[in-house]
Each structure stands twice: as structure tokens, then as C-alpha cells.
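Below: the structure, in C-alpha cells.
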Amino acid sequence: MKKLLLLTLITLVAFNSMTYAVNRTWNFMKWSNETKANLATDVTNWAAPSATRFSNAVAIAAGTTVMANGVVVAELNGLTFGSLAADKFRIDYGTNPDRLIMNGNNLIINVPDCSVGDTLVVYAKTGSTGVARGVTVANATRISGAALSVDSVVNVFTVTTAGQISIVNNAGLQYRLISISAPGTPAVNPITTGLSTPALHSVPVKTVYLNLNGVVVGHDFASLRKGLYIQKNWYSDGKTLSSKLVKLTD
């Protein structure tokens, strides 16, 4: 009886100490009317430099939860950021799709409470037409998506270190969606989200690169010569996704 009781206690402790990844998605492709109203009201902390943009009027401290009019911005709830000077954080709306702009280089978006094996999806686009830009994530391995692109790109990573992960841009970037999915669960496909709740895909299982004539030229982006390419991903549910990208150096 004592051995059975001890085993039961050990089992309970083991289950209580386990942590489980939670699937989370932050969709910036349609800011809510409530968010826009709070930003417009909070003139101390938010400026409106144009009819379709809000930007931070004061610096945002590292680790801060972004708020407007005393309310957490719902679309950003659960994310934190590195230090941001005024006008480094921009919310664009009515742009089809809407977007979050990190206006500068080496600016940080933190996703907390990640587990090893989680799938991170970052859907983004360069903030400057014709200039290839992108993101890096130090504690994750890139599965697909070019590190630099002149087009919108779906970056997919596998988390390699548990805890907070930090997404860093190399220059001004438009973020459209960020998602984290637990191992064995479908990852978000931002291309099919439209302006509503994101649809789901399985995780990517194969990637090839084609030239503009549709001919396969490689499987490893790093080995390609500079030029324009089409990246094609296959997912475990049989669906595919293609996007254009550019490699600037051999």
C-alpha cells in the first residue's frame, strides 16, 4: 500500500510539473474597430501621422505589453517587444491587408512560453519596395521561407530551446501574422486567412526552389546562385504553397 501511494504521489507530481504548449495566433491583417478607437483616443501615447496609420508617440520600454487608452491592444495580447523609440512601432489599417510595421532594424518581437518542437510561423513583407528583408530567430531552426525576400514570405521555424523566443528584423518590415503551434498540431497558413480567423495547414514536409520557368533548381536556398526564384512547399496534408523570392548573393 505504501509503495502504491508513493507511486501515485510521484505520478501526480510528474503530471503537475509538465507544461504544454498552447497554440496561439496574432493576426495583424485586420485591426478591430475597438483597437482603432482606443488608439485614436489615446493621443498622449499614439500619434496619427496619416489617415491609415497610428504610431507610438512615446518610447516603449522592453518587455512592455502594448496598450492604448488604458486597454491592452487585443491583437498584440501575449506578445512583448524590445525597446522601441517613438515612431518605431506602426499600426497600418485599411491597407488590405492591414499590418504591424517595425520601423527600423534589429527590432524585437517576443513570443513567450514556447516549447521545443513548436512550429513558429511569421508572415511578413519588406517595408521597402525592391529591397529584400526578413527575420531571424536565434533559438529556432528555419524550415522554409527565405531569410531575405522582396516579396511577402511565410517563414516557418521549429523551436529548439524552450521559453521565450525572439523574432528580429534586419530592417523595416511589415508583419501580417505570427503563430506558434504545438508539435503534432496543424500550423497556421497565413496565405488562406484573408481578413478573418486563420485557416490551418499541416506542417511543411518538403521544399524545392524553381526558376521563373518552373524548373526545379535546388532544395537548399543557401546553395542557389543569386537571382529570382519560386519557393514551393509541400505540407503533410497534401496541400502546397508557393511564393516568389530573391537571393541577392551567390
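The values are calculated or read from the model by the stated rules, or taken from the named source; none is laboratory data. For clarity, every value in this text was computed on a predicted model and none was experimentally measured. Cβ atoms come from the backbone with ideal geometry, glycine included; neighbour counts cover every protein chain shown. These area figures cover heavy atoms from the full protein model, side chains too; ligands, DNA and RNA do not enter into them. Shrake-Rupley method; radii C 1.70, N 1.55, O 1.52, S 1.80 Å.
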Number of positions in segment 158-175 that are within 10 Å of the chain's Cα centre (by Cα), buried (at least 23 other Cβ atoms within 10 Å of the Cβ) and of a type outside the set (A, V, I, L, M): 0
Does A86 satisfy the criteria of being surrounded by fewer than 16 Cβ atoms within 10 Å (Cβ to Cβ), part of a loop (DSSP other than H, G, I, E, B) and of a type in the set (A, V, I, L, M)? yes
Single unsatisfied condition, T136 versus (1) open to solvent by 30 Å² or more (accessible area, probe 1.4 Å); (2) in contact with a strand residue (DSSP E or B) (Cβ under 9 Å, 6 or more places away or on another chain); (3) not in a strand (DSSP E or B): (3)
Taking the residues in segment 57-108 that are in contact with a Phe, Trp or Tyr (Cβ under 8 Å, 6 or more places away or on another chain) and basic (K, R) as candidates, determine which candidate is farthest from V122 (Cα to Cα). R90
Can you run down the residue pairs with Cβ atoms below 6 Å, 6 or more apart or on separate chains, where the first is in segment 75-87 and free of Cβ contacts under 8 Å to residues at least 60 places away in the same chain and the partner is open to solvent by less than 10 Å² (accessible area, probe 1.4 Å) and among the small types (G, A, S)? D87/S55
Checked pairs for segment 136-160, first under 18 Å from H219 (Cβ atoms) and touching a residue at least 12 places away in the same chain (Cβ under 8 Å), second open to solvent by 60 Å² or more (accessible area, probe 1.4 Å) and of a type in the set (S, T, N, Q), C-beta under 6 Å and 6 or more apart or across chains, list as T141/T160; T158/T141
